[in-house]
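A short write-up of the structure that comes next.
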Amino acid sequence: MAEITSKYINPFTDYGFKTIFGKESNKEFLLDFLNAMLEEEIGEIQNVEYSPVEQMGVSDVERKVVFDIYCVTKSGERVIVEMQRSFQVNFKDRSLFYCTFPIREQGRRGDWDYALKAVYCISILDFELKDENVDENKYLHYVRLIEERTGKMFSDKLNFIYIEIPKFDLNVTELGTKLEKWLYLLKHLEFLERIPRNLQEK
């Protein structure tokens, strides 16, 4: 019996994800995805510079991290994009730990005023968070530092975005926004015979 092979790449493999978003030759895909995610937050991202994905600890005994994608926008925001295929017990803690690296790298020697550029950690999850602190009926979660009593933002410098792909259930005729189109492609790309007409954009 002949083995059935996919026509398109699987975005939920390390190779597939980094081929789509992590190659200089495919930077337009990363820019388009980031604008779909962040344009309302920080305006249109004109360009990003890929940064080293391997980040070392302060000392030899501290743990290093390896990001899937790490880039810096033209205006200085740091963006981590992570793909996680399987459930991880302490995934929220991992996200927090990862964000300490782009915060720390902004430190300057000498008389520094501690002004920081915002850090965004975008986690694309191929599983459900199953977390009582998030709305179980939503697939997209924005997490920020807020003042508990007023509900107002305390700082806009640390931002987490979690996308639960299994909960995204729009069919191709229901897609409206650029983000919805991206999420549909990420979820279904491996299984498509052809790209749907309303997704055939540059």
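The values are calculated or read from the model by the stated rules, or taken from the named source; none is laboratory data. All values reported here derive from a predicted model rather than from experimental measurement. Cβ sites come from the backbone with ideal geometry, for glycine too, and all protein chains shown count toward neighbours. In case anyone asks, the SASA skips ligands and DNA or RNA and just uses the protein heavy atoms, side chains included. Shrake-Rupley method; radii C 1.70, N 1.55, O 1.52, S 1.80 Å.
Given the criteria out of contact with any Leu (no Cβ under 9 Å at 6 or more places or on another chain), open to solvent by less than 50 Å² (accessible area, probe 1.4 Å) and not basic (Lys, Arg), does residue 134 qualify? Considered against the rule, which asks whether it is out of contact with any Leu (no Cβ under 9 Å at 6 or more places or on another chain), open to solvent by less than 50 Å² (accessible area, probe 1.4 Å) and not basic (Lys, Arg), residue 134 comes out as yes. Could you look through region 46-61, keep only residues that are modelled with pLDDT under 85 and small (Gly, Ala, Ser), and pick out the one that is farthest from residue 29 (Cα to Cα)? That would be 59.
The condition (being closer than 30 Å to residue 193 by Cβ and without any contact (Cβ under 8 Å) to a residue 40 or more places away in the chain) is satisfied by just one residue among 156, 135, 169, 131: 169. Checking the stated criteria, residue 41 turns out to be at pLDDT below 95, more than 20 Å from residue 107 (Cβ to Cβ) and among the acidic types (Asp, Glu).
Of the numbered criteria (1) at pLDDT 95 or above; (2) open to solvent by 70 Å² or more (accessible area, probe 1.4 Å); (3) of a type in the set (Lys, Arg), the one residue 64 fails is (1). Which of the following residues is under 22 Å from the mean Cα position of the chain (by Cα) and either farther than 15 Å from residue 38 by Cβ or of a type in the set (D, E, K, R) (or both): 198, 159, 137? 137 is the lone residue from the list that is under 22 Å from the mean Cα position of the chain (by Cα) and either farther than 15 Å from residue 38 by Cβ or of a type in the set (D, E, K, R) (or both). Evaluate region 147-163: report whether one residue or more is of a type in the set (Val, Ile, Thr), under 29 Å from residue 50 (Cα atoms) and surrounded by 12 or more Cβ atoms within 10 Å (Cβ to Cβ). Among the residues of region 147-163, at least one is of a type in the set (Val, Ile, Thr), under 29 Å from residue 50 (Cα atoms) and surrounded by 12 or more Cβ atoms within 10 Å (Cβ to Cβ), which makes the answer yes. Here residue 17 passes the criteria (1) assigned to a loop (DSSP other than H, G, I, E, B); (2) within 19 Å of residue 161 (Cβ to Cβ) except the one numbered (1). Pairing residues of region 95-108 that are free of Cβ contacts under 8 Å to residues at least 60 places away in the same chain and closer than 16 Å to residue 51 by Cα with residues that are open to solvent by 60 Å² or more (accessible area, probe 1.4 Å) and in a loop (DSSP other than H, G, I, E, B), at Cβ distances under 7 Å and at least 6 apart in sequence or on separate chains, gives 106/117.
Scanning region 36-47 for residues that are under 14 Å from the mean Cα position of the chain (by Cα) and open to solvent by less than 50 Å² (accessible area, probe 1.4 Å) gives 36, 37, 38.
Taken across region 133-140, residues that are in contact with a strand residue (DSSP E or B) (Cβ under 6 Å, 6 or more places away or on another chain) and among the basic types (Lys, Arg) do not occur at all. Candidates in region 84-99 are the residues that are at pLDDT 90 or above and open to solvent by 60 Å² or more (accessible area, probe 1.4 Å); of these, the one that is nearest to residue 155 (Cα to Cα) is 96.
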